[in-house]
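Visitor: Mind having a look at this structure? Questions to follow.
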Amino acid sequence: GKSKNMSPYAFEAMQKVDVARLAALSDPELRLLLPCLVRMALCAPADQSNAWAQDKKLILRLLSGVEAVNSIVALLSVDFHALEQDARKEQQLRHKAGGSNSESILVSQLQHGLTLEFEHSDPLRRLRLALSELLAIMNKVADSNGEFFLKSSELFESPVYLEEVADVLCILQAELPSLLPIIEVAEALLHVRNGEWFMCLLVANVPDSFSEVCRGLIKNGERQDEESVGGRRRTEALRQLCQMNPSQALNIRAMVVEECHLPGLGVALTLDYKPDMADEAVSPLVSYVSGLLLGTNGKVRTWFSMFIRNGQQRKRESSSVLWQMRRQLLLELVAILPRSRSTHVPNDTDMDSESSSGYSGLREEHVVKASALLRLYCALMGIAGLRPTDEEAEQLLQLMTSRPPATPAGVRFVSLSFCKLLAFPTLVSTPEQEQLMVMWLSWMIKEEEYFESAAGVSASFGEMLLLVAMYFHSNQLSAIIELVCSTLGMKIAIKPSSLSKMKTIFTQEIFTEQVVTAHAVRVAVTNNLSANITGFLPIHCIYQLLRSRAFTKHKVSIKDWIFRQLCETTTPLHTQLLPLIDVYINSILTPASKTNPEATNQPITEQEILNVFQDGGKARSQYTITTQLLILYYILSYEEALLANTKTLALMQKKPKSYSPALMDQIPIKHLIRQAQGLQQELGGLHSALLRLLATNYPHLCMVEDWISEEEVTGTLPLLRKMLLTSSSCKYSQTQLREAFQNVLSGGPGLLRILEHLTLLSASDLIPYAEALTSSMGLLLEDGVSRRIIQTVNKLWMVLNTVMPRKLWVMTVNALQPLVKLLRQQRYTQNDLMVDPLIVLRCDSRVFRCPPLMDITLHMLNGYLLASKAYLNAHLKETAEFERQAQTVSNLGLSGQPDTPEVTREELKNALLAAQDSAAVQILLEVCLPSVQSAPGIPMRKQVGDTGAGKGAQGEREAEGGLLSDLREVQCLICCLLHQMFIADPNIAKLVHFQGYPQALLPLTVAGIPSMHICLDFIPELLAQPQLEKQIFAIQLLSHLCTQYALPKSLSVARLAISVMGTLLTVLTRAKRFAFFMPTLPCLVSFCKAFPPLFDDVMSLLIQVGQVSAADVTTKARDIDPLIPQEIRLSESKYSLRKRSAEELGRADPDVQLCYQIEATFMDIISSSTQAL
């Protein structure tokens, strides 16, 4: 027989050249290592140290007693150089002869068989014989193209000479490394009997080559080694190499996986592997195979699956690595099964004795191991297509239906078992097994609550059971498959048809729909639900049941559960919460079935909602921001859904009600949205969903300028301020602020100090001061209040506006009422202001000359105009249905009638909104007029008790201030707002200009409102109006627009205007002609200034008008100074002409006045053109 294998002990001694260990080896082991040791002793060492000299002496002493050393010394004394040259010559001859082994240079004609020759030869001839034989095999390997062959070679097979041949082989490889690379020698040795033994010896004598040899063998290896003799031999050789050097086994296994070659070797090495520290939880085999099948590398997964698929097609043979693996896994499984338990179901009589023994639980220390085994078997069956034997299936079922202790690991184990039952229903084949499964499922349902509380886990298998039951009821088999795959953590192909048996068991025996709903409501909500809690939770079940309308069918109230769950949430937001709210709202508004229109869920009550938003000290901590945002999302979505479903709701007897405006006023919507903005990452899609709802239902909370000013509040400056503000608590109280306001005139600096300090606070810290700030705003209108104070109040107001706009607006409007109303104690509510936004402008008239407060007023006005639109739209939708019903009742006889009122109501609403907007614009334009006389509502503070002189003084003061007056600033603010309104809805601009406004304001509006150019679009239409004053206004407006926007479009409109004036000249009566041309003639000057090409048209028009007027004058035989000739003395006459006209105009006849006006226009045009030159 073959000599003994090399022991790991010997290999390690050799690897480390540990002389003491080598000395301890037995003679047979030492015999195998002689080639290397003798070379070590004889060759000149590179290591000149003293220590090695000592070791060398020890080695020599060790060798001195061994007889075989002499033969090795003889082998080493041969001339290897000559040997190598002969070998090379022989290789060349072989190539020339095409590989036919006719003449050998190394070995002349053999007299006897190789073995006998070897026995009789001298050392050199022995080397030549072995070398020739080895080269022949190596050449054949090179030519074989990967086809495996086994070469019978006497030399390597004769048991008597194995050791001598091994010596020769080792020495040849060591002395002729370039001719015999060790990897190629190893590869050749696979093709002879005893090759693996020789290979181990070869490597043991060159221990450093271990990794290199293994890597070479693996690289050249087969993708599937169990399939072929060659593969099996290669695996066996590598397995023996690793047994000789076990510390490297796992590295070699890693090479196997890296190359995806020799899967059987990987398993064999794992089976051989004996770790020093046994891991209690999971065995090396389980973790290795699980890693291959469940890892992320698809290539490895496919490769290993093929190994299992192919392996089980061959009949069961004990030598097959696959069957060794299956045996080992089964042993591991049986080892952790609870004490033997029969599958027969205990009958009533022996119930007590059996219940304790028959169903003994899974031991706690085995639970993790059991879970790992279950997942592994799932992967083997689902991914690698393993078909379990009857024995494997029976033991697996025993394990799956065992009862673990109530720990988190136990919960995980039960979930895995349950999913495995669903994934592989074929494991349950006999009626006894089915009974066993049903009993286990019933036990699960019974134990579920105890389990959850004892294990302290919120995601439990109870929810999973419930969810699966619901999916079965609603026949959503694909959802079950998805659930199974995600719980097991692997993609398995499960056919929906395979679930039919389980479906019957579930829906008919264990979980009827009634049981499901009753059970679901009792399930506790998940505490602190967030995206960090994975797995299947009650919320998934409730969501599913709401979708299938099970609660309404079985009259189970679910509202409280949902509200409790919403109150138990935190960030990051769980993804199932928004779908849950949407589905719940749907179940409140739409009946479950046509037959039962009353079958809907209850909405959350106003009181419950109010509790969530109450600002009580204790309550604040009770509800998280997540809860408040979710409830806000619920209300806004609910209100939106109510409006969207008015048609269907009208048919219901008991209609769901809208939430009261009073409740909405209690909710700090803007404040919540701002907080949500900072938490966008944690809130998933909630922030954007809320913004969408706000934009449609609360446009006044989504004003662009608000977002922009908020950027300032959240930019870098506030950060610096916060760094300066050492403590967040403000050192002033609300009462101190109120008192300081009362003394605003005498104690301005004190008030300013408090206000400046408040500017350092964050928006939410300012909220408590809002009441004190707004209620005292009226005091700022007194004369002599410092501008800086008012400016700071404006700044604080804008900060508060980012967190509590709606409440702030109501308080501000009430604080700025005129004194008369304040004395009457008249208070407006949010609703009043939405119905009539113009209340904002019925404030104390002094506000109109106080720019910082005017800024606030305009902000509120814009907001309420938007709010009013949303309010009316909603109102229209709410009431549309009742109107429709009433209409159909009255119009039963008439066909096609019912739709008409719908249209008119929409039109009425639009007309109302247009009237509202245009009224606001007209009031604001009136505020822009400078003097008091022309704007009756404007400041009276200068005129109490004095006469007209006072009025003049006010007007003068405004004029004197030039461009730095309060009036100018207010005009700028108003122009900005009008610009925004015109852009938002150009129809307002059209409406206002069709209504007209004082001509004195035209220079202001055209220059101050950048969007005024849109008027060019409708001036032709305005010119076509029958009323004279509208035509006059159109021409005056156009004259300013032409100067401001000298565009081709303006030119064509100006041409049109001149031709209209020409036409009107022919049709107007004398009185009307005077009324029309007196104000419009000066406009012609602007036309000419803007567009010189219009000179001809304007001149001909002026001459026509002049002729008509002159004719009228002559009929009265009035003489008129001909002024035209004076053009020649233009320079002197210009001023006198003007002066006289002014004096005479009052007295003169209308026609005469018109003549003077024509002359004046001529003069202006000429002078403007000469100036241009």
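Visitor: Give the share of C-alpha pairs in each 5 angstrom bin for the stretch 1-93, from 0 to the last occupied bin, in whole percents, shortest bins first.
Guide: Calculated over all Cα pairs of the stretch 1-93, the distribution is 2, 11, 21, 19, 17, 12, 9, 6, 3, 1 percent.
Visitor: Ok, one more. What is the extension gain from Arg824 to Arg61, computed as 0.36 nm multiplied by their sequence separation minus the C-alpha to C-alpha distance, in nm to one decimal?
Guide: Details: separation 763, 0.36 × 763 = 274.68 nm, distance 12.46 nm.
Net length gain for the segment: 262.2 nm.
Visitor: Given a cut-off of 23 Å, name the pairs among Lys555/Lys594; Lys821/Lys869; Lys151/Lys315; Lys553/Lys594 whose C-alpha atoms lie farther apart than that in the structure shown.
Guide: Numbers: Lys555/Lys594 16 Å; Lys821/Lys869 27 Å; Lys151/Lys315 28 Å; Lys553/Lys594 12 Å.
Beyond 23 Å between Cα atoms: Lys821/Lys869; Lys151/Lys315.
Visitor: Measuring from label point to label point, each 7 Å out along Cα→Cβ, what is the Ser442 to Lys16 span in nm?
Guide: 6.4 nm
Visitor: Would you mind getting me the FRET efficiency between Thr507 and Trp323? Use the beta-carbon distance for r and R0 = 35 Å, nearest 0.05.
Guide: Values: r = 41 Å, r/R0 = 1.16.
Here the calculated transfer efficiency is 0.30.
Visitor: Sticking with this one: Return, ordered by residue number, the residues of the stretch 966-1007 whose backbone nitrogen is under 11 Å from a label point located 7 Å along Cα→Cβ of Lys1049.
Guide: none
Visitor: Still on this structure, please answer the following. Could you give the nm distance between label points at Leu294 and Gln680, where each point is 7 Å from its Cα heading toward the beta carbon?
Guide: Inter-label distance under the simple model: 3.8 nm.
Visitor: Out of every Cα-Cα pair in the stretch 196-270, what percent are more than 15 Å apart? Show your work: numbers first, answer last.
Guide: Details: 1282 of 2775 pairs.
In whole percent, the share of Cα-Cα pairs in the stretch 196-270 beyond 15 Å is 46.
Visitor: Cross-link candidates for Lys16: which lysines have Cα within less than 19 Å, leaving aside residues fewer than 8 places away along the same chain?
Guide: Straight-line reach from Lys16, under 19 Å: Lys56, Lys57.
Visitor: Counting Lys +1, Arg +1, Asp -1, Glu -1, what net charge surrounds Ala984 among other residues with beta carbon under 15 Å of its beta carbon? Before the final figure, lay out the partial values.
Guide: Working: positive: Lys869, Lys990; negative: Glu705, Asp706, Asp917, Asp985.
Net charge in that neighbourhood comes out at -2.
Visitor: Then there's this: Can you tell me the dipole magnitude for the stretch 767-883 around its Cα centre, using point charges on the Cβ only (Lys, Arg +1; Asp, Glu -1), in Debye to the nearest 20?
Guide: Its charge dipole is roughly 380 debye.
Visitor: With a sphere of radius 9 Å drawn around the Cβ of Gly410, what net charge do the other residues whose Cβ falls strictly inside it have (Lys, Arg +1; Asp, Glu -1)? Mind showing how you got there, number by number?
Guide: Values: positive: Arg403, Arg412; negative: Glu364.
Counting the neighbours of Gly410, the net charge comes to +1.
Visitor: Taking H as built 1.01 Å from N, whose amide H comes closer than 5 Å to the amide H of Leu529, not counting residues under 5 places away?
Guide: Amide H neighbours of Leu529, under 5 Å, 5+ apart: Thr569, Thr570.
Visitor: Further question: If the cut-off is a Cα-Cα distance under 17 Å, which lysines reach Lys670, setting aside same-chain residues fewer than 8 apart in sequence?
Guide: Excluding near neighbours in sequence, the set is Lys807.
Visitor: Taking the Cα-to-Cβ direction at Arg738 and at Lys89 and moving 7 Å from each Cα, how far apart do the two end points lie in nm?
Guide: Here the modelled spin labels are 12.3 nm apart.
Visitor: Kindly provide the trypsin sites (Lys or Arg not before Pro) of the stretch 500-570 that DSSP labels as loop, not H, G, I, E or B, and whose Cβ sees at most 13 other Cβ atoms within 10 Å.
Guide: Sparse-neighbourhood loop trypsin sites (Lys or Arg not before Pro): Lys555.
Visitor: Between the stretch 636-712 and the stretch 1001-1019, how far is it from one alpha carbon centroid to the other, in angstrom?
Guide: 37 Å
Visitor: Test of understanding: what is the full-extension gain from Glu907 to Ser121, defined as 0.36 nm times their sequence separation minus their Cα-Cα distance?
Guide: 270.8 nm
Visitor: Taking 0.36 nm per residue of separation and subtracting the Cα-Cα distance, what length does fully extending Ser557 through Leu745 add?
Guide: Going from the current span to full extension adds 61.4 nm.
Visitor: Let me ask another. Could you please put Met1012, Met381, Met439 in sequence from largest to smallest accessible area, using a 1.4 Å probe? Could the numbers behind the result be given before it?
Guide: Working: Met1012 0, Met381 25, Met439 60 Å².
These residues rank, largest area first, as Met439, Met381, Met1012.
Visitor: Right, here's the next one. Between the stretch 202-273 and the stretch 1032-1084, how far is it from one alpha carbon centroid to the other, in angstrom?
Guide: Here the answer is 103 Å between Cα centres.
Visitor: In the stretch 1020-1062, which residues have a backbone nitrogen under 18 Å from the label point lying 7 Å from Ala1071's Cα in the Cα-to-Cβ direction?
Guide: Of the residues in the stretch 1020-1062, 1027-1030 have backbone N under 18 Å from the label point off Ala1071.
Visitor: If you don't mind, there's one more thing I want to ask. Per q in 0.15, 0.19, 0.29, 0.30 1/Å, what log10 I(q)/I(0) does a Debye calculation on the alpha-carbon atoms of the stretch 238-277 return?
Guide: Result of the Debye calculation: -0.29, -0.46, -1.00, -1.06.
Visitor: Add +1 for every Lys or Arg and -1 for every Asp or Glu among the other residues with Cβ under 12 Å from the Cβ of Tyr634, and state the total. Please list the in-between numbers first.
Guide: Numbers: positive: Lys559; negative: Asp582, Glu608, Glu639, Glu640.
Around Tyr634, the surrounding residues sum to -3.
Visitor: Starting from the coordinates of the alpha-carbon atoms of the stretch 131-242, obtain the Kirkwood hydrodynamic radius over all distinct pairs and give the value in Å to one decimal.
Guide: Result for the stretch 131-242 stands at 14.1 Å.
The values are calculated or read from the model by the stated rules, or taken from the named source; none is laboratory data. Since this is a predicted model, take the numbers as computed values, not measurements. Cβ coordinates were reconstructed from backbone atoms using ideal geometry, including for glycine residues, and neighbour counts include every protein chain displayed. Surface accessibility is based on the protein's heavy atoms, side chains included, excluding ligands, DNA and RNA. Shrake-Rupley method; radii C 1.70, N 1.55, O 1.52, S 1.80 Å.
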